[in-house]
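Everything below concerns the one structure shown next.
The values are calculated or read from the model by the stated rules, or taken from the named source; none is laboratory data. Not measured: the values here are computed from a predicted model. Glycine gets a Cβ as well: all are built from the backbone with ideal geometry, and neighbour counts include every protein chain shown. Note: accessible area is taken over every heavy atom of the protein model, side chains too, but ligands, DNA and RNA are not part of it. Shrake-Rupley method; radii C 1.70, N 1.55, O 1.52, S 1.80 Å.
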Amino acid sequence: MAGEEPEHLTQAARRQAQVDPLAALRAPGDPPWDVYLTGTVFLDIVFTGLDSAPVRGTESWARGMGSSPGGVANMATALARLGLRTSLAAAFGDDHYGEYCWDALARGEGIDLTPSRTVPGWHSPVTVSMAYEGERTMVSHGHEPPPEEPAPDFPPRARAAVASLAPGKRAPWIAEAARAGTRIFADVGWDETGAWDLAGLPDLGHCEAFLPNAAEAMRYTGADCPRAAAHALTEHVPVAVVTLGAEGAYAVDRRTGEAAEVPAIAVEALDPTGAGDVFVAGFVAGTLAGRPLADRLALAGLTAALSVQEFGGSLSAPGWSEIGAWWRRVQSVPGQNPEALRRYGFLDGLVPEELDRPWPLRRAVPTIGFGRSA
(Lines give C-alpha, C1' and ligand atoms only; values in the text may rest on other atoms or scores of the structure.)
Protein backbone atom coordinates (compact mmCIF):
# COMPACT_ATOMS: atom_id res chain seq x y z
CA MET A 1 0.00 0.00 0.00
CA ALA A 2 1.30 3.48 -0.87
CA GLY A 3 2.64 5.33 2.15
CA GLU A 4 3.89 2.16 3.83
CA GLU A 5 7.50 1.01 3.95
CA PRO A 6 8.42 -0.77 0.70
CA GLU A 7 8.80 -4.50 1.22
CA HIS A 8 12.21 -4.66 -0.49
CA LEU A 9 14.03 -2.87 2.36
CA THR A 10 16.46 -5.21 4.07
CA GLN A 11 17.15 -5.12 7.80
CA ALA A 12 20.55 -3.53 7.13
CA ALA A 13 18.97 -0.83 4.99
CA ARG A 14 16.30 -0.10 7.62
CA ARG A 15 19.03 0.41 10.22
CA GLN A 16 20.91 2.65 7.83
CA ALA A 17 17.85 4.80 7.12
CA GLN A 18 16.88 5.36 10.76
CA VAL A 19 16.24 9.02 9.97
CA ASP A 20 13.35 9.58 7.58
CA PRO A 21 13.56 13.23 6.46
CA LEU A 22 10.05 12.98 4.98
CA ALA A 23 8.37 11.31 7.97
CA ALA A 24 6.17 14.31 8.74
CA LEU A 25 5.05 14.55 5.12
CA ARG A 26 4.12 10.95 4.37
CA ALA A 27 0.45 10.14 3.85
CA PRO A 28 -1.68 7.35 2.37
CA GLY A 29 -1.77 7.56 -1.40
CA ASP A 30 1.78 8.89 -1.69
CA PRO A 31 3.96 7.51 -4.50
CA PRO A 32 5.76 4.33 -3.38
CA TRP A 33 9.15 5.89 -4.14
CA ASP A 34 10.73 9.15 -3.11
CA VAL A 35 13.24 9.24 -5.97
CA TYR A 36 13.58 7.42 -9.28
CA LEU A 37 16.69 7.48 -11.44
CA THR A 38 18.21 5.61 -14.35
CA GLY A 39 21.66 5.36 -15.88
CA THR A 40 24.74 3.18 -16.16
CA VAL A 41 26.26 1.34 -13.20
CA PHE A 42 30.05 0.99 -13.33
CA LEU A 43 32.41 -0.98 -11.18
CA ASP A 44 34.77 1.67 -9.79
CA ILE A 45 38.33 0.82 -8.80
CA VAL A 46 39.91 3.79 -7.07
CA PHE A 47 43.59 4.36 -6.29
CA THR A 48 44.45 7.09 -3.77
CA GLY A 49 47.59 8.34 -2.09
CA LEU A 50 49.46 8.89 -5.35
CA ASP A 51 52.15 11.56 -5.06
CA SER A 52 51.66 12.66 -8.66
CA ALA A 53 50.07 11.65 -11.92
CA PRO A 54 51.36 8.36 -13.39
CA VAL A 55 54.28 8.89 -15.76
CA ARG A 56 54.50 7.05 -19.06
CA GLY A 57 56.90 4.13 -18.94
CA THR A 58 57.04 3.97 -15.13
CA GLU A 59 55.22 2.12 -12.37
CA SER A 60 53.38 4.05 -9.66
CA TRP A 61 52.32 2.64 -6.30
CA ALA A 62 49.21 3.91 -4.55
CA ARG A 63 48.94 3.97 -0.77
CA GLY A 64 45.22 3.22 -0.86
CA MET A 65 42.72 1.36 -3.03
CA GLY A 66 38.98 0.73 -2.96
CA SER A 67 36.31 -0.93 -5.11
CA SER A 68 32.63 -0.04 -5.19
CA PRO A 69 29.65 0.38 -7.51
CA GLY A 70 29.95 3.62 -9.49
CA GLY A 71 28.23 5.65 -12.18
CA VAL A 72 24.56 6.17 -11.37
CA ALA A 73 25.09 4.01 -8.26
CA ASN A 74 26.82 7.03 -6.66
CA MET A 75 23.61 9.04 -6.73
CA ALA A 76 21.33 6.13 -5.84
CA THR A 77 23.38 5.20 -2.78
CA ALA A 78 23.64 8.78 -1.57
CA LEU A 79 19.86 9.18 -1.80
CA ALA A 80 19.18 5.90 0.00
CA ARG A 81 21.62 6.71 2.82
CA LEU A 82 19.75 9.97 3.39
CA GLY A 83 16.61 7.96 4.09
CA LEU A 84 14.89 8.42 0.71
CA ARG A 85 13.08 5.44 -0.81
CA THR A 86 15.04 5.04 -4.02
CA SER A 87 14.25 3.11 -7.22
CA LEU A 88 16.88 2.55 -9.91
CA ALA A 89 16.56 1.37 -13.51
CA ALA A 90 19.90 0.15 -14.87
CA ALA A 91 21.46 -2.64 -16.88
CA PHE A 92 23.79 -5.00 -15.01
CA GLY A 93 26.31 -7.34 -16.58
CA ASP A 94 25.92 -11.06 -15.92
CA ASP A 95 29.53 -11.28 -14.70
CA HIS A 96 30.88 -11.23 -11.14
CA TYR A 97 31.21 -7.46 -11.24
CA GLY A 98 27.52 -7.14 -12.09
CA GLU A 99 26.54 -9.55 -9.32
CA TYR A 100 28.63 -7.60 -6.82
CA CYS A 101 27.10 -4.25 -7.82
CA TRP A 102 23.56 -5.64 -7.73
CA ASP A 103 24.11 -7.16 -4.29
CA ALA A 104 25.74 -4.00 -2.90
CA LEU A 105 22.87 -1.80 -4.05
CA ALA A 106 19.87 -4.07 -3.40
CA ARG A 107 20.90 -5.92 -0.25
CA GLY A 108 23.43 -3.49 1.15
CA GLU A 109 21.64 -0.19 0.52
CA GLY A 110 17.98 -1.19 0.19
CA ILE A 111 17.65 0.32 -3.30
CA ASP A 112 14.74 -0.96 -5.38
CA LEU A 113 16.05 -2.64 -8.54
CA THR A 114 12.68 -3.83 -9.84
CA PRO A 115 13.05 -1.69 -13.00
CA SER A 116 16.63 -2.96 -13.50
CA ARG A 117 17.72 -6.05 -15.40
CA THR A 118 20.69 -8.35 -15.90
CA VAL A 119 21.77 -8.48 -19.55
CA PRO A 120 23.06 -11.89 -20.69
CA GLY A 121 26.43 -11.77 -22.37
CA TRP A 122 27.07 -8.13 -21.49
CA HIS A 123 30.04 -7.31 -19.26
CA SER A 124 29.98 -4.63 -16.62
CA PRO A 125 31.48 -1.24 -17.46
CA VAL A 126 34.60 -0.51 -15.38
CA THR A 127 36.30 2.74 -14.36
CA VAL A 128 39.75 2.99 -12.82
CA SER A 129 40.19 6.30 -10.99
CA MET A 130 43.48 7.71 -9.73
CA ALA A 131 43.22 10.46 -7.09
CA TYR A 132 46.10 12.83 -6.37
CA GLU A 133 46.53 16.49 -5.42
CA GLY A 134 42.78 16.84 -4.89
CA GLU A 135 42.06 15.85 -8.49
CA ARG A 136 41.39 12.58 -10.27
CA THR A 137 42.21 10.92 -13.57
CA MET A 138 39.92 8.19 -14.87
CA VAL A 139 40.13 5.43 -17.44
CA SER A 140 36.89 3.65 -18.34
CA HIS A 141 35.90 0.69 -20.49
CA GLY A 142 32.47 -0.55 -21.44
CA HIS A 143 29.94 -1.11 -24.19
CA GLU A 144 26.40 0.18 -24.66
CA PRO A 145 23.82 -2.38 -23.51
CA PRO A 146 21.76 -3.95 -26.30
CA PRO A 147 19.15 -1.59 -27.80
CA GLU A 148 16.32 -3.68 -26.37
CA GLU A 149 17.50 -2.67 -22.89
CA PRO A 150 16.47 1.02 -22.64
CA ALA A 151 15.24 2.86 -19.59
CA PRO A 152 11.50 2.33 -19.09
CA ASP A 153 9.33 4.88 -20.92
CA PHE A 154 6.88 4.67 -18.02
CA PRO A 155 8.90 5.05 -14.81
CA PRO A 156 7.39 4.12 -11.44
CA ARG A 157 5.49 6.75 -9.48
CA ALA A 158 7.90 8.83 -7.42
CA ARG A 159 7.99 12.18 -5.69
CA ALA A 160 11.13 13.13 -7.59
CA ALA A 161 13.55 11.90 -10.23
CA VAL A 162 17.16 12.75 -10.96
CA ALA A 163 18.15 13.02 -14.62
CA SER A 164 21.47 13.58 -16.32
CA LEU A 165 20.80 15.68 -19.41
CA ALA A 166 22.74 14.96 -22.60
CA PRO A 167 23.18 17.70 -25.22
CA GLY A 168 21.10 17.03 -28.32
CA LYS A 169 19.28 14.06 -26.83
CA ARG A 170 15.78 13.65 -25.44
CA ALA A 171 14.91 10.99 -22.82
CA PRO A 172 11.18 10.16 -23.18
CA TRP A 173 10.89 8.99 -19.56
CA ILE A 174 11.60 12.51 -18.27
CA ALA A 175 8.53 14.04 -19.92
CA GLU A 176 6.44 11.05 -18.87
CA ALA A 177 7.53 11.36 -15.25
CA ALA A 178 6.94 15.12 -15.21
CA ARG A 179 3.42 14.67 -16.59
CA ALA A 180 2.72 12.24 -13.74
CA GLY A 181 3.69 14.89 -11.19
CA THR A 182 7.28 13.80 -10.50
CA ARG A 183 9.63 16.67 -9.69
CA ILE A 184 12.70 16.47 -11.96
CA PHE A 185 16.18 17.48 -10.76
CA ALA A 186 18.83 17.56 -13.48
CA ASP A 187 22.56 17.86 -13.86
CA VAL A 188 24.55 17.85 -17.08
CA GLY A 189 27.89 16.62 -18.36
CA TRP A 190 30.51 18.49 -20.35
CA ASP A 191 29.24 19.38 -23.84
CA GLU A 192 31.67 17.56 -26.11
CA THR A 193 30.04 19.21 -29.17
CA GLY A 194 31.17 22.64 -27.99
CA ALA A 195 27.76 24.14 -28.78
CA TRP A 196 26.77 24.98 -25.19
CA ASP A 197 23.24 25.76 -26.33
CA LEU A 198 20.42 25.47 -23.79
CA ALA A 199 18.07 24.76 -26.68
CA GLY A 200 20.08 21.56 -27.11
CA LEU A 201 18.81 20.37 -23.71
CA PRO A 202 15.19 19.67 -24.73
CA ASP A 203 14.26 18.04 -21.43
CA LEU A 204 15.28 21.08 -19.37
CA GLY A 205 11.76 22.44 -19.76
CA HIS A 206 10.40 19.50 -17.74
CA CYS A 207 12.77 20.14 -14.82
CA GLU A 208 12.18 21.89 -11.51
CA ALA A 209 15.87 22.33 -10.73
CA PHE A 210 19.10 22.39 -12.74
CA LEU A 211 22.45 21.85 -10.98
CA PRO A 212 25.48 22.51 -13.24
CA ASN A 213 28.94 23.46 -12.06
CA ALA A 214 30.28 26.97 -12.50
CA ALA A 215 32.10 26.32 -15.79
CA GLU A 216 29.06 24.64 -17.32
CA ALA A 217 26.68 27.34 -16.14
CA MET A 218 28.79 30.17 -17.56
CA ARG A 219 29.27 28.44 -20.89
CA TYR A 220 25.57 27.73 -21.29
CA THR A 221 24.55 31.30 -20.44
CA GLY A 222 27.51 33.36 -21.63
CA ALA A 223 27.62 35.03 -18.21
CA ASP A 224 30.97 36.23 -16.90
CA CYS A 225 30.45 34.93 -13.36
CA PRO A 226 28.67 31.85 -11.95
CA ARG A 227 26.21 33.86 -9.85
CA ALA A 228 25.02 35.81 -12.87
CA ALA A 229 24.80 32.50 -14.72
CA ALA A 230 22.50 31.11 -12.04
CA HIS A 231 20.11 34.04 -12.45
CA ALA A 232 20.20 33.65 -16.24
CA LEU A 233 19.36 29.95 -15.96
CA THR A 234 16.15 30.73 -14.08
CA GLU A 235 14.73 31.97 -17.40
CA HIS A 236 14.70 28.29 -18.38
CA VAL A 237 14.13 26.40 -15.11
CA PRO A 238 12.51 27.43 -11.79
CA VAL A 239 15.52 26.65 -9.55
CA ALA A 240 19.15 27.01 -10.61
CA VAL A 241 21.97 25.72 -8.39
CA VAL A 242 25.56 26.41 -9.42
CA THR A 243 28.38 24.66 -7.59
CA LEU A 244 31.43 26.87 -7.02
CA GLY A 245 34.07 24.31 -6.04
CA ALA A 246 36.05 25.49 -3.02
CA GLU A 247 33.74 28.52 -2.69
CA GLY A 248 30.61 26.45 -2.05
CA ALA A 249 27.37 26.85 -4.01
CA TYR A 250 24.90 29.53 -5.11
CA ALA A 251 21.21 29.03 -5.88
CA VAL A 252 18.26 31.07 -7.14
CA ASP A 253 14.54 30.21 -6.98
CA ARG A 254 12.60 32.12 -9.64
CA ARG A 255 9.26 31.29 -8.06
CA THR A 256 10.02 32.99 -4.74
CA GLY A 257 12.74 35.41 -5.83
CA GLU A 258 14.99 33.86 -3.18
CA ALA A 259 18.76 33.56 -3.63
CA ALA A 260 21.17 31.79 -1.28
CA GLU A 261 24.88 31.12 -1.04
CA VAL A 262 26.61 28.71 1.33
CA PRO A 263 30.42 28.42 1.60
CA ALA A 264 32.16 25.09 1.25
CA ILE A 265 33.26 23.14 4.32
CA ALA A 266 37.03 22.77 4.43
CA VAL A 267 38.07 19.12 4.73
CA GLU A 268 41.09 17.00 3.87
CA ALA A 269 39.95 15.21 0.72
CA LEU A 270 40.94 11.59 0.20
CA ASP A 271 38.95 10.93 -2.98
CA PRO A 272 36.59 13.37 -4.77
CA THR A 273 34.89 10.63 -6.80
CA GLY A 274 31.12 11.05 -6.73
CA ALA A 275 31.10 14.26 -4.67
CA GLY A 276 28.92 16.02 -7.23
CA ASP A 277 26.37 13.21 -7.11
CA VAL A 278 26.28 13.33 -3.32
CA PHE A 279 25.74 17.09 -3.49
CA VAL A 280 22.71 16.63 -5.75
CA ALA A 281 21.33 13.92 -3.45
CA GLY A 282 21.60 16.24 -0.45
CA PHE A 283 19.82 19.02 -2.32
CA VAL A 284 17.02 16.66 -3.41
CA ALA A 285 16.58 15.38 0.17
CA GLY A 286 16.37 18.91 1.54
CA THR A 287 13.93 19.98 -1.16
CA LEU A 288 11.58 17.04 -0.64
CA ALA A 289 11.67 17.71 3.10
CA GLY A 290 10.48 21.28 2.45
CA ARG A 291 13.60 23.00 3.76
CA PRO A 292 14.45 26.63 2.86
CA LEU A 293 16.82 27.15 -0.05
CA ALA A 294 19.86 27.94 2.14
CA ASP A 295 19.27 24.81 4.23
CA ARG A 296 19.14 22.71 1.09
CA LEU A 297 22.47 24.12 -0.07
CA ALA A 298 24.01 23.60 3.36
CA LEU A 299 22.89 19.97 3.54
CA ALA A 300 24.11 19.31 0.00
CA GLY A 301 27.52 20.84 0.66
CA LEU A 302 27.91 19.02 3.98
CA THR A 303 27.11 15.59 2.52
CA ALA A 304 29.53 16.21 -0.35
CA ALA A 305 32.28 17.31 2.05
CA LEU A 306 31.86 14.21 4.20
CA SER A 307 31.93 11.96 1.14
CA VAL A 308 35.37 13.05 -0.10
CA GLN A 309 36.94 11.79 3.13
CA GLU A 310 36.24 8.16 2.15
CA PHE A 311 37.22 5.91 -0.78
CA GLY A 312 35.02 5.50 -3.82
CA GLY A 313 31.92 7.20 -5.15
CA SER A 314 28.88 5.31 -3.92
CA LEU A 315 30.10 3.78 -0.67
CA SER A 316 31.69 7.06 0.45
CA ALA A 317 28.25 8.70 0.74
CA PRO A 318 27.45 9.63 4.35
CA GLY A 319 24.45 8.44 6.30
CA TRP A 320 22.73 10.31 9.11
CA SER A 321 25.15 8.80 11.63
CA GLU A 322 28.06 10.62 9.96
CA ILE A 323 26.07 13.82 9.61
CA GLY A 324 25.07 13.69 13.29
CA ALA A 325 28.61 12.91 14.43
CA TRP A 326 29.96 15.87 12.41
CA TRP A 327 27.34 18.23 13.84
CA ARG A 328 28.09 17.27 17.43
CA ARG A 329 31.84 17.43 16.85
CA VAL A 330 31.89 20.94 15.32
CA GLN A 331 29.73 22.32 18.13
CA SER A 332 32.26 21.05 20.68
CA VAL A 333 35.26 22.73 19.04
CA PRO A 334 36.22 25.97 20.86
CA GLY A 335 36.24 29.20 18.90
CA GLN A 336 33.67 28.25 16.26
CA ASN A 337 31.98 31.14 14.46
CA PRO A 338 28.46 31.33 15.97
CA GLU A 339 26.99 32.53 12.67
CA ALA A 340 28.52 29.58 10.82
CA LEU A 341 27.10 27.18 13.41
CA ARG A 342 23.64 28.71 13.07
CA ARG A 343 23.76 27.93 9.36
CA TYR A 344 23.56 24.22 10.27
CA GLY A 345 21.18 24.58 13.20
CA PHE A 346 18.44 22.87 11.20
CA LEU A 347 20.28 19.59 11.84
CA ASP A 348 19.08 19.68 15.45
CA GLY A 349 15.63 18.74 14.26
CA LEU A 350 16.84 16.00 11.95
CA VAL A 351 19.52 14.03 13.75
CA PRO A 352 18.53 12.20 16.97
CA GLU A 353 21.13 12.43 19.71
CA GLU A 354 21.52 8.66 19.95
CA LEU A 355 22.29 8.28 16.24
CA ASP A 356 26.09 8.26 16.49
CA ARG A 357 27.33 5.35 14.37
CA PRO A 358 25.28 2.54 15.93
CA TRP A 359 26.31 0.40 12.96
CA PRO A 360 29.15 0.55 10.40
CA LEU A 361 28.29 1.74 6.90
CA ARG A 362 29.61 -0.38 4.04
CA ARG A 363 32.78 1.16 2.64
CA ALA A 364 34.85 0.49 -0.45
CA VAL A 365 37.32 -2.37 0.01
CA PRO A 366 40.41 -3.27 -2.03
CA THR A 367 39.14 -6.69 -3.12
CA ILE A 368 35.59 -7.50 -4.21
CA GLY A 369 34.16 -10.12 -1.89
CA PHE A 370 35.32 -8.55 1.37
CA GLY A 371 32.82 -6.80 3.58
CA ARG A 372 29.67 -8.52 2.24
CA SER A 373 26.49 -7.79 4.16
CA ALA A 374 24.83 -10.65 6.00
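Answer yes or no: is there a residue in the range 88-104 that is aliphatic (A, V, I, L, M), at pLDDT below 95, part of a helix (DSSP H, G or I) and buried (at least 24 other Cβ atoms within 10 Å of the Cβ). Yes, the conditions are met somewhere in the range 88-104. Would you call L204 in contact with a helix residue (DSSP H, G or I) (Cβ under 6 Å, 6 or more places away or on another chain) and either open to solvent by less than 30 Å² (accessible area, probe 1.4 Å) or basic (K, R) (or both)? Taking the combined requirement at face value, the residue does not satisfy it.
Taking into account only those residues within the range 122-141 that are in a loop (DSSP other than H, G, I, E, B) and at pLDDT 90 or above, which is surrounded by the most Cβ atoms within 10 Å (Cβ to Cβ)? By that ranking, first place goes to S124.
For the condition more than 24 Å from M65 (Cα to Cα), buried (at least 19 other Cβ atoms within 10 Å of the Cβ) and over 17 Å from the mean Cα position of the chain (by Cα), L288 does not qualify.
The C-beta contact set for the range 318-340 (first residue more than 19 Å from R81 (Cβ to Cβ), second residue open to solvent by 70 Å² or more (accessible area, probe 1.4 Å), distance under 9 angstrom, 6+ apart or interchain) comprises V330/Q336; A340/P263. So which residues in the range 44-60 are within 21 Å of H141 (Cβ to Cβ) and surrounded by 10 or more Cβ atoms within 10 Å (Cβ to Cβ), if there are any at all? Matches in the range 44-60: D44, I45, V46, F47, T48, L50, A53, P54, S60.
Residue by residue, here is whether (1) within 22 Å of the chain's Cα centre (by Cα); (2) among the hydroxyl-bearing types (S, T, Y); (3) modelled with pLDDT under 85; (4) within 24 Å of R159 (Cβ to Cβ) holds:
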| site | (1), (2), (3), (4) |
| --- | --- |
| E268 | yes, no, yes, no |
| A304 | yes, no, no, yes |
| S332 | no, yes, no, no |
| L341 | no, no, no, no |
| D348 | no, no, no, no |
| E353 | no, no, yes, no |
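If the condition is being open to solvent by less than 20 Å² (accessible area, probe 1.4 Å) and among the acidic types (D, E), then the range 291-337 contributes only D295. Every listed requirement among (1) closer than 20 Å to I323 by Cα; (2) touching a Ser or Thr at 6+ places or on another chain (Cβ under 6 Å); (3) of a type in the set (K, R) is met by R85 save one, (2).
Residues of the range 219-237 that are hydrophobic (A, V, I, L, M, F, W, C) and either surrounded by fewer than 17 Cβ atoms within 10 Å (Cβ to Cβ) or closer than 14 Å to D187 by Cα (or both): C225, A228, A230, L233, V237.
Out of R357, R291, one residue alone is at pLDDT 85 or above and in a loop (DSSP other than H, G, I, E, B). It is R291. Tell me, please, whether a residue that is at pLDDT below 90, small (G, A, S) and open to solvent by less than 40 Å² (accessible area, probe 1.4 Å) can be found in the range 158-179. Checked the range 158-179: no residue is at pLDDT below 90, small (G, A, S) and open to solvent by less than 40 Å² (accessible area, probe 1.4 Å).
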